[in-house]
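One structure below.
The values are calculated or read from the model by the stated rules, or taken from the named source; none is laboratory data. These figures come from a predicted structure and were not determined experimentally. Each accessible area value is taken on the protein alone, full model and side chains, heavy atoms only, with ligands, DNA and RNA left out. Shrake-Rupley method; radii C 1.70, N 1.55, O 1.52, S 1.80 Å.
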Amino acid sequence: MSDDKRRKARSDYVFRRMQQSTIAITVGVSEATIGRWKKAAKEAGDDWDKARTAHVLAGEGSEVVISTVVEEFMIQAQAILDEIKSGEHSTQEKVSMLVAISDAMTKLAASAKRFAPKVSELGVAQDVMAKLLDFVREEFPHHAQAILEIIEPFGERLAEIYAS
């Protein structure tokens, strides 16, 4: 039974690009077990991450891959923004989280720049957003709460503008 679950977990990870936490729920094991299976497979020469990348590239091409990565990143970034809005974090923690998201967005866009022109445009927009967040944090920390209220709808607008 464990081998069937392991095969399903690998299949869901590689071919359906599911997150480990979701796979754990669907196969009925802990997320740590999925991690152990993935690690053991890699040590045995079956790197799930490489297989996943190869499958995506073979089936869809780099433009779609980059767009998918950016889309998945934005979903995660949105979840963090929701946590910032509703979580019980200090203003300084919230600003730090926003700066970290912006930095990650900038790095993602920079690494994707040569593969997808639209991603490059989004990267420039996100870089401006990161610089704005840094500026507010350094020069106007008392406005951090206001930037939190603005950043979410602005991020959505950026995604709309550069998704087309």
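Exposure check, 1.4 Å probe, all protein chains in place: Leu81 carries approximately 20 Å² of accessible surface.
Suppose the chain between Arg16 and His142 were pulled fully straight at 0.36 nm per residue; how much longer would it get relative to their current alpha carbon spacing?
Net length gain for the segment: 40.9 nm.
Full extension of the chain between Glu43 and Asp134 gives 28.6 nm of extra length, using 0.36 nm per residue less the Cα-Cα distance.
Here the Karplus curve 6.51 cos²θ - 1.76 cosθ + 1.60, taken at θ = phi - 60°, turns the phi angles of the range 71-81 into couplings of 4, 5, 4, 5, 4, 5, 4, 5, 4, 5, 4 Hz, with x standing for Gly and Pro.
Taking a 31 Å limit on the Cα-Cα distance, which of the listed pairs Lys38/Lys131; Lys50/Lys85; Lys8/Lys85; Lys42/Lys107; Lys42/Lys94 fall beyond it?
On the way: Lys38/Lys131 38 Å; Lys50/Lys85 36 Å; Lys8/Lys85 36 Å; Lys42/Lys107 27 Å; Lys42/Lys94 37 Å.
Check vs 31 Å cut-off fails for Lys38/Lys131; Lys50/Lys85; Lys8/Lys85; Lys42/Lys94.
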